[in-house]
1. Out of all the residues in region 5-26, which are of a type in the set (G, A, S) and open to solvent by 90 Å² or more (accessible area, probe 1.4 Å)?
2. Working carefully through the options T29, T53, T41, find the one that is exposed (fewer than 11 other Cβ atoms within 10 Å of the Cβ) and out of contact with any Gly (no Cβ under 6 Å at 6 or more places or on another chain).
3. Of these, L45, L5, which one is in a strand (DSSP E or B) and not β-branched (V, I, T)?
4. Quick one: would you say V65 is surrounded by 14 or more Cβ atoms within 10 Å (Cβ to Cβ) and either out of contact with any Ser or Thr (no Cβ under 8 Å at 6 or more places or on another chain) or at pLDDT 75 or above (or both)?
5. From S31, S19, which residue is assigned to a loop (DSSP other than H, G, I, E, B), more than 20 Å from T53 (Cβ to Cβ), within 17 Å of the chain's Cα centre (by Cα) and not basic (K, R)?
Amino acid sequence: MKKDLHPSNYREVAFKDMSNEEVFITRSTVSTKETIDIDGTTYPLVKLEITNTSHPFFTGKQKLVDTAGRVDKFLSRYGDRKKKK
């Protein structure tokens with residue numbers, strides 16, 4: 001195995017899906033300022049808007065998860081375009 005193959009900041013990081021509060025831990029070099037305590041161990045925390053646990057393709061549900069309110073903003077601005085006359 002080659003020496004110094006991985007970067008020096010390659011460590012375990014917690015990723016949190018903000019739409020359903022699911023947390024998973026994997027190894028990464030991503031930099032973050034937030035931390036989370038899981039089972040007595042502190043991990044760097046990366047917040048995600050959508051992951052495989054909340055994406056409609058993986059869940060089979062056609063529910064649209066919108067944490068930023070973009071869909072509501074669009075509907076309030078343009079409304080239902082299929083109005084019957």
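1. Residue satisfying the conditions is S8 alone.
2. Residue meeting the stated conditions: T41.
3. L45
4. no
5. Checking each option against the conditions leaves just S31.
The values are calculated or read from the model by the stated rules, or taken from the named source; none is laboratory data. In this text, all values refer to a predicted model and were calculated from it rather than measured experimentally. As a convention, Cβ positions derive from the backbone with ideal geometry for all residues, glycine included, and neighbour counts pool all protein chains shown. Note: areas computed on protein heavy atoms with side chains; ligands, DNA, RNA excluded. Shrake-Rupley method; radii C 1.70, N 1.55, O 1.52, S 1.80 Å.
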